[in-house]
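The next block holds one structure in the form of structure tokens; read it before the comments.
The values are calculated or read from the model by the stated rules, or taken from the named source; none is laboratory data. Note that this is a predicted model, so its numbers are computed, not measured. Methodologically, a virtual Cβ is constructed for each residue, glycine included, from the backbone with ideal geometry; neighbour enumeration extends over all protein chains shown.
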Amino acid sequence: MNPRRLTFVALSLALTASPALSQPTDLPPRITITGTGKVTATPDIASVSIGVVTSAETASEALRANNSAMGETTDMLVRTGVERRDMVTSGFSVQPQYDGRSGKPIQVGFSVTNSLSVRLRDISRVGDVLDAAVKLGSNQIGGIAFDISNKEPFLVKAREAAVADAKQAAQTFARAADLKLVRIISITESYDTGGPRPMEMRTMAVASSVPIQPGENTVKASVTIAWEIEPAH
């Protein structure tokens, strides 16, 4: 876990109610601090877009070639252990192709694009899967992203760090201002589980396994805590 940093969103010190500010007289003096915590973890799943683009004089020929290449790719994914529930068609299009070299666009054929969004639960196989997909005819590899399948344990740790962060800051301010923390009035939370961390990839043609480095993902939590305060003496 990386060293935590203090982030203060709001700090309010009110020892007396001021009629000029129209403050309710029944609200106790308080100090409000926001603390943050973060935890890093190695991703254990990956997602990638695998696409096939084919061209032919007729739409039916382009579609037939595309279906063949994508079918081989899908079969390969199944053989490597990818479940069909982890494969989703993310895009499909048939577009006319034109040649404009003569100054006037002339239709010369059609292109078919079929994209498959694939979740890989065995992150060690990512490079081999991409390599095999390209060799089978996939010529459009989209951005690969790494994620954590179960973020809850890391979020718990990030929350604990955020509370400790806010508490330490509140104690520092209270001590410096000769105040005493009486009790917690409220706690509110926000968090960022990081989401998939993308890595740019372009159309590829490779002869050996694609090297993949998943790196780390960060899970962050933020808590805002209000304490009732009173003079220390």
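Here are the numbers for this structure:
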| read-out | value |
| --- | --- |
| Residue satisfying condition, being over 30 Å from Ala226 (Cα atoms), touching a residue at least 40 places away in the same chain (Cβ under 8 Å) and crowded, with 16+ Cβ neighbours inside 10 Å, within set Thr73, Thr42, Thr58 | Thr73 |
| From Ser138, Ser149, residue being crowded, with 19+ Cβ neighbours inside 10 Å, assigned to a loop (DSSP other than H, G, I, E, B) and touching a strand residue (DSSP E or B) at 6+ places or on another chain (Cβ under 8 Å) | Ser138 |
| Qualifying residue in segment 124-132 (condition: modelled with pLDDT under 90 and over 24 Å from the mean Cα position of the chain (by Cα)) | yes |
| Inter-residue pairs, beta-carbon under 8 Å, first small (Gly, Ala, Ser) and in segment 114-126, second surrounded by fewer than 17 Cβ atoms within 10 Å (Cβ to Cβ) and in a strand (DSSP E or B), 6+ apart | Ser115/Thr89; Ser115/Ser90; Ser115/Gly91; Ser115/Phe92; Ser117/Val88; Ser117/Thr89; Ser117/Ser90 |
| Condition broken by Tyr98, with the remaining ones in (1) crowded, with 17+ Cβ neighbours inside 10 Å; (2) part of a strand (DSSP E or B); (3) without any contact (Cβ under 8 Å) to a residue 60 or more places away in the chain satisfied | (1) |
| Segment 56-78: number of residues that are farther than 14 Å from Val118 by Cα, in a helix (DSSP H, G or I) and of a type in the set (D, E, K, R) | 3 |
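One line per residue, one yes/no per condition, for (1) surrounded by fewer than 19 Cβ atoms within 10 Å (Cβ to Cβ); (2) over 22 Å from Asn217 (Cβ atoms); (3) at pLDDT 85 or above; (4) in contact with a strand residue (DSSP E or B) (Cβ under 6 Å, 6 or more places away or on another chain):
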{"residue": "Ser117", "(1), (2), (3), (4)": "yes, no, yes, yes"}
{"residue": "Asp122", "(1), (2), (3), (4)": "yes, no, yes, no"}
{"residue": "Glu160", "(1), (2), (3), (4)": "yes, no, yes, no"}
{"residue": "Gln171", "(1), (2), (3), (4)": "yes, yes, yes, no"}
